[in-house]
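Please read the structure below before turning to the comments.
The values are calculated or read from the model by the stated rules, or taken from the named source; none is laboratory data. All values derive from a computational prediction rather than experimental measurement. Methodologically, a virtual Cβ is constructed for each residue, glycine included, from the backbone with ideal geometry; neighbour enumeration extends over all protein chains shown.
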């Protein structure tokens, strides 16, 4: 799938929002960083004086200009581990990501979709598997010991509905009714009531895995564009106007959930506006400059990752971040080309992000988890695509990972009764390991029945 | 049949205003008062039995004054429909078309043809208040849907489950509710046979049923056996005992945020089962006490936009509405996926900012002191008058007294102690800001 004019559509959108924000300049990934530019200049809206303050120099934020809560969170920030969740939307075909070219049944099940002989590099931990050529950047990081490959992850009684299976993954349980995300519950346990940046969706809207019961979280499309400008309003009236957004959000809602939702959005938005003040460009200068090259083009994914690295470098109090990879993975038809392009942009961007973190000295603090709601049917369908399946593939990326495979490739000879790959690891076990070993919290309080799921070794 | 309760309280300005928002796109100036005069039954009837189509207000155009090209120009599909929402004399028909667009969520991101999307839109509008039974059969064979959910790829030697699954999971029964994975596969077989031809310059065309591609064998669906084909596929779902409860719950949720009580639910299901007609069910929902006494709902972004334009008496005159609407999370003809938009999550920090710029653009034509050298109307240095004026500009919507007080506090604080040039130049600034704040207030984001 994918539409011919998708490209121009996103370009128009991007320009459109920039216009709304008084013509903000675009971040240009790949621009070298001239000395003295980038994040050396920071601006804060200081509530007490109602002024935008520019601060030059210094490696960390000056937290005293923020509210106490943000200040405390930011001060604790440098040691804080960060999890970045990257979602491959639609059910990515694990048998394309890591093609079982060494499995005797592979070419029989995938007569049209099988990788061409000799393309892609061998997966060193299992000679049956070959990396998709577009995943060469991940193969490279794997060679450096910075990727855990999860070749068959899922759960018992797999559900083949996108929405249900995705929901299970998002809430961290096979439970339709659970309304908080697994990362949201983590924040409910360890987060602060005054720091929406602790759970950040780099997206148009909230990523459901971050949905909390009590703690604020935020969604921001790109950190350099979060502003509230109004035609015919300027000066101190403009400053007061933005402050009044929060006040409108604090008015009594008389127990009305609809009003409460709208009020919360207003309140959180006003707070986020303050937190992101340093990333709003001033005087036509680019706000985000990356030390490494990200994939060019107008896709938001590499730009969001570049922005994320800059936010981390600035010491903003982030804990868990969620975003979607570019493209769509529900490849019912004509799978080969679309998948190849989407995977390439995803993998190229993830490699750039890792290098960016390494260049900024942040790599030991960040773990990236790449996931999808399910894999796809082993046998290709008649449309040059694949239908919904069961076990899928996932990756953990970072300088601290063990670099060892989690679970194993189950083999095409042992498909389930519906012709789907069987899971050799459970996503709840992986979550348990991430929560306990990476985020340092008690998984039992977050994942229902966590102790029932084996905890794989994920770190060095 | 279980008695369905009807609202018996006062049907005044506030109730008429809420009805117009829930069953349409908000009131045009003075429309809430007119509707209130009809009383509850008359008001609901005017929506469910609307007169012939009339268009009120200026015709749509782009920023250069050119007419729209909805089938061809990027984004004009969105503008074309938004214009209908703004100018229609049959708001419930447009609102129900939007409901079906969400229910049978088809995205041009997968279809790749505005022309086919518009054709589907006409189909949805034709059945806006009609028979769900017939709508379901028609949508099953609808070209945009055939592309979107791989219907034209589904043939007897290579069945494709995409449509068969969503037909039950999202359109008629609910996930896992009364069907099995085997039913998914059997439905896919029953649905085989549709095809189309690719023509250069025209794209997919000549959508047709080709019996050579159809699996004529016996299928077992919901435990029944038959040589089912696509019409049977749809019909089996509508007649499934779990369909009416699914339908009632889903339709209700578009109009009232809290689920119906058991008595209401039973009554609505019985009403629906009489002939799978939408109009009588809608009629009962719109007269239900829960609509008038229950909590507020967050307005979907396009409803928010269309409503602002109706209140401001402004037509569609810029293509900015396409990206503005998308920025708030709703681009028409491009729902995020086949499950449609998530109505429980319209607002977050990003969508809020999106709505801020929607309000900003909606108000741009009446912005004060913006044009160089031109003096606008004189705005008095008087906070009360400024807040009252802002309410009037936006069509005098009902707001909480607390909201009004907060806006007054803002206006007072901003004008306090202004002397000299500030005493002259600040009132328009403050008036612009009060309008903007009012438009994005929780009161106006909900209905």
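Take the residues of region A:203-215 that are part of a loop (DSSP other than H, G, I, E, B) and within 12 Å of the chain's Cα centre (by Cα): which is nearest to the other protein chains (Cβ to nearest Cβ)?
From region A:203-215, those part of a loop (DSSP other than H, G, I, E, B) are A:203-207, A:211-215; that's our starting set.
Right, trim to within 12 Å of the chain's Cα centre (by Cα) and you get A:203, A:206-207.
Details: A:203: 7, A:206: 4, A:207: 10 Å.
Going through the qualifying residues, I end up with A:206.
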Members of region B:188-224 found to be assigned to a strand (DSSP E or B), in contact with a strand residue (DSSP E or B) (Cβ under 9 Å, 6 or more places away or on another chain) and either more than 14 Å from every other protein chain (Cβ to nearest Cβ) or loosely packed, with under 14 Cβ neighbours inside 10 Å (or both), listed by number: B:197, B:198, B:199, B:205, B:206, B:207, B:208, B:209, B:219, B:220
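Okay, residues lined up against (1) in a helix (DSSP H, G or I); (2) within 16 Å of residue A:174 (Cβ to Cβ):
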position	(1), (2)
A:405	no, no
A:421	no, no
A:429	yes, yes
A:433	yes, no
A:440	no, no
A:448	no, yes
A:456	no, no
Leading residue by the ranking (surrounded by the fewest Cβ atoms within 10 Å (Cβ to Cβ)) among those in region A:150-196 that are in contact with a strand residue (DSSP E or B) (Cβ under 7 Å, 6 or more places away or on another chain) and within 10 Å of chain B (Cβ to nearest Cβ): A:160
In region B:401-428, anything within 22 Å of residue B:352 (Cα to Cα) and touching a helix residue (DSSP H, G or I) at 6+ places or on another chain (Cβ under 6 Å) is listed as B:403, B:406, B:407, B:410
Out of (1) assigned to a helix (DSSP H, G or I); (2) farther than 18 Å from residue A:149 by Cα; (3) more than 14 Å from chain B (Cβ to nearest Cβ), the one residue A:342 does not meet is (3)
Can you tell me which of B:407, B:444 is under 33 Å from the mean Cα position of the chain (by Cα), free of Cβ contacts under 8 Å to residues at least 40 places away in the same chain and within 11 Å of chain A (Cβ to nearest Cβ)? B:407
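Residues are listed down the side, and each one gets a yes or a no for (1) surrounded by fewer than 24 Cβ atoms within 10 Å (Cβ to Cβ); (2) modelled with pLDDT of 90 or more; (3) in contact with a strand residue (DSSP E or B) (Cβ under 8 Å, 6 or more places away or on another chain):
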position: B:384; (1), (2), (3): yes, yes, no
position: B:420; (1), (2), (3): yes, no, no
position: B:425; (1), (2), (3): yes, no, no
position: B:433; (1), (2), (3): no, yes, no
Only listed residue being within 13 Å of chain A (Cβ to nearest Cβ) and either more than 30 Å from residue B:295 (Cβ to Cβ) or not in a loop (DSSP other than H, G, I, E, B) (or both), chosen from B:185, B:263, B:231: B:185
Would you call residue B:128 surrounded by 17 or more Cβ atoms within 10 Å (Cβ to Cβ) and closer than 30 Å to residue A:383 by Cβ? no
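Could you list all residues from region B:88-116 that are part of a loop (DSSP other than H, G, I, E, B) and either under 19 Å from residue B:127 (Cα atoms) or at pLDDT 95 or above (or both)? Can you show your working first?
Looking only at region B:88-116, we keep the residues that are part of a loop (DSSP other than H, G, I, E, B), and these are B:89-90, B:104-107, B:112-113.
The answer is B:89, B:90, B:104, B:105, B:106.
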Residue that is farthest from residue A:139 (Cα to Cα) [pool: residues in region A:381-409 that are modelled with pLDDT under 95 and surrounded by fewer than 21 Cβ atoms within 10 Å (Cβ to Cβ)]: A:382
Among the residues of region A:407-419, how many are in contact with a helix residue (DSSP H, G or I) (Cβ under 7 Å, 6 or more places away or on another chain) and in a loop (DSSP other than H, G, I, E, B)? 1
Can you name the number of the only condition in (1) under 30 Å from residue B:161 (Cβ atoms); (2) away from chain A (no Cβ under 11 Å) that residue B:289 fails? (1)
Could we say that residue B:122 is more than 15 Å from residue B:278 (Cα to Cα), away from chain A (no Cβ under 14 Å) and touching a strand residue (DSSP E or B) at 6+ places or on another chain (Cβ under 7 Å) here? no
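Just to confirm my filter: which helices (runs of 4 or more DSSP H) fall fully inside region A:216-313 and include at least 3 residues that are under 29 Å from the mean Cα position of the chain (by Cα) and at the interface with another protein chain (Cβ under 7 Å from one of its Cβ atoms)? Before the answer, list the steps.
Values: elements: A:235-249, A:257-275, A:300-313.
It comes to A:257-275.
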Out of region B:315-357, which residues are assigned to a helix (DSSP H, G or I) and more than 9 Å from chain A (Cβ to nearest Cβ)? B:321, B:325
Residue pairs, Cβ under 8 Å, 6 or more apart or interchain, first in region B:146-160 and more than 7 Å from chain A (Cβ to nearest Cβ) and at negative phi, second in a strand (DSSP E or B) and crowded, with 24+ Cβ neighbours inside 10 Å. List them. B:146/B:194; B:151/B:194; B:152/B:194; B:154/B:194
